[in-house]
Ligand SMILES: [Zn+2]
């Protein structure tokens, strides 16, 4: 029987994220692997052939006008005979694919597992694209209303505002942070490519209404791109990146209802956390996944940010980032409102969150998104920001412990990981 | 084993179906499959780039199976939820097996829900899917109907959307019988006639201000 192994990340890279990106998935992926050859010269796909598997991270076959699009990639990369499968878990596809790779290496079934994520979203009109995303809601009940995901998220955000006395401006502060962090990350980010300048809270507040409290600039934009994360066991991590590897010290995955309206009294949640939780305002799956990951990494849930140096989280909307702070246990001793106003998640704060720009700044090509968050966190923990970013304005110096969060549905599937510098 | 089998949802034989209740609502959009549209080429960064456009369509049949009474209920102008005979949990939208692990996937019973509820969560939409653009700005609301342990999302019709308030009582309105399709879009919410909105607040003022350009934009839509 294979033996349990410790699991590491030994490298990672993304294509630029943009809409459209004007590329096919083959060259997006080949570019990422060749970039890895450059960044991690000891790594070669031959090792995947001999000691590994590939996990593909891809959300929507509707967008790719192709079923099993990863079959195209796999033989394009020369990997016939190498085991492969694809993970789709909504917006948490990237995090879930990372989780699958983690599980494979942890279980000793593979030693080198590239997680390859991609999404084409510009293959259809923007409105068709929103519709495709909305069919991840329950189509028997929700899709026919003509609402899109932003509309559902806004409803949750409004509950959160009321419960925690958070304002539109406080959400806007988060959006500004992420947009402006992306400017330092540079030309790989959609905000740099598309807007190319720093924004202010007024810019967010004055942008058009999408669904109260969310305006255009509170939302991530549709984007295309690919990303690769190199997951390995200890032996390969030491061989590939003796000075630039991080350990996956904790991995948590959890789930919640597909329909947000079903979260007041779900027996499973009531038994775990008491009546009424999470309701519409909280992300129960995030809390649960964080508890699991923290426990593995020996971090307490309450005020866990004090044990973390940097975080890359799933800010599909500025409001969801605030909800995530709460669901990660960061706001047990300080209300989420003060957490934002005291600038804890800003670059100068105690837990810089989304220094890479997050989804709002970097982009959200679904299958690649959670991997982008992983890669940005990995760069922070391995001192690679000066090499990778346009400026070091968004570098978290001497970061040792990082958190990554990937999030789907209206909080329907969520993964959290703790990464540790070694 | 035989006792267990009685607890399963039945699987009908196709030959037993009598679709006498089938209603041809309108001629179906013909399916066309992959239909070639356009090709173009251009230059950027000193290279040639090509785009092709191909139309692809499909007609979905949603077979509602055990959920059919819910849909038939809407056709008949009723809201049907479910109740677990073991634990008593009522849910609307319905669940044809109980969600409580301790109830061993007990098959639930259909119960008629009252046409009123409490609005629990809401947003004012300023943008939406294409099909709903002309209705903007509209209120998306989650409402707890009767004793349901779940809330259902639908549209709240309210003349001044900024007056939407958490916990306001709402009533369910159902479209005329000839327009019913057995889907969520057969009904909507309205404020309970006894309800009066509270005074303007700074949040209501702000929402009103955000809605203003939306009304103007929608007026320009064809
Ligand atoms: Zn029950």
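Build a GNM of chain A with springs between Cα atoms under 10 Å apart, and of A:405, A:92, A:22 the one that fluctuates most is A:22.
For chain A, the mean residue ellipticity at 222 nm estimated from helices alone is -11500 deg cm²/dmol, where every DSSP H run of n ≥ 4 contributes -39500 (n - 2.57) and the total is divided by all residues, rounded to the nearest 500.
From the square roots a ≥ b ≥ c of the eigenvalues of the alpha-carbon gyration tensor of segment A:293-422, which class results: rounded (a/c under 1.5), prolate (a/b over b/c), or oblate?
Rounded shape, in that the Cα axes give a/c under 1.5.
Measuring spread by the Cα atoms of the protein assembly as shown yields a radius of gyration and Dmax of 25.0, 73 Å.
Counting 0.36 nm for each residue step from residue A:162 to residue A:128 and taking away their Cα separation leaves a gain of 9.0 nm. Taking A:170, A:142, A:119 in turn, the Gaussian network model of chain A (Cα-Cα springs below 10 Å) assigns the largest fluctuation to A:142. In plain terms, the chain from residue B:112 to residue B:167 could stretch by 17.6 nm, reckoned as 0.36 nm per residue minus the Cα-Cα distance. Does segment A:131-270 classify as rounded, prolate or oblate by the C-alpha gyration tensor (a ≥ b ≥ c root eigenvalues; a/c under 1.5 gives rounded; else a/b over b/c gives prolate, otherwise oblate)? Oblate, since a/c reaches 1.5 and b/c is not below a/b. As an exercise, use a Förster radius of 45 Å and the Cβ-Cβ distance of residue A:303 and residue A:34 to find the FRET efficiency, rounded to the nearest 0.05. Given R0 = 45 Å and the Cβ-Cβ separation, E is 0.60.
Approximating the spin labels as points 7 Å out from Cα along Cα→Cβ, the residue B:135-to-residue A:51 distance works out to 5.7 nm.
For peptide A:201-212, the mean count of partner chain Cβ atoms within 10 Å of a residue's Cβ comes to 5. For chain B, the convex hull spanned by the alpha carbon atoms encloses 262 Å³ per residue.
The angle between the Cα long axis of helix A:318-327 and the main principal axis of chain A comes to about 80°, on a 0 to 90 degree scale. Each distinct pair of alpha carbons in segment A:1-144 adds a 1/r term; the inverse of their mean, the Kirkwood radius, is 16.4 Å.
Of all the options A:113, A:246, A:159, the one that moves most in a Gaussian network model of chain A with Cα springs shorter than 10 angstrom is A:159.
Taking segment A:285-311 and a reference point 7 angstrom along Cα→Cβ of residue A:350, the backbone N atoms nearer than 14 Å belong to A:300-310. For the Cα atoms of chain A, what angle does the longest principal axis make with the long axis of helix A:149-164, in degrees from 0 to 90, nearest 10? Taking the Cα atoms of chain A, the angle to A:149-164 is about 60 degrees. Mean per-residue shielding of peptide A:250-263 is 3, counting Cβ atoms of other chains within 10 Å of each Cβ. For segment B:115-222, the share of alpha carbon pairs falling in successive 10 Å distance bins from zero is 14, 43, 35, 9, 0 percent.
Return the average number of partner chain Cβ atoms within 10 angstrom of each residue Cβ along peptide B:129-137.
5
Taking every C-alpha pair closer than 8 Å and separated by at least 6 residues, the mean separation divided by the residue count of segment A:227-356 gives a relative contact order of 20 percent. Classify segment B:59-136 as rounded, prolate or oblate, taking a ≥ b ≥ c as the square roots of the eigenvalues of its Cα gyration tensor: rounded when a/c is under 1.5, otherwise prolate if a/b is larger than b/c and oblate if not. Because a/c hits 1.5 or more and a/b exceeds b/c, segment B:59-136 counts as prolate. Based on Cα contacts under 8 Å between residues 6+ apart, segment B:65-113 shows a relative contact order of 37 percent.
Throughout, read-outs are computed from the coordinates displayed, never taken from laboratory work. Keep in mind that what you see is a predicted model, and the values were worked out from it rather than measured. Here the Cβ is made from the backbone with ideal geometry for all residues, glycine too, and neighbour counts use every protein chain on show.
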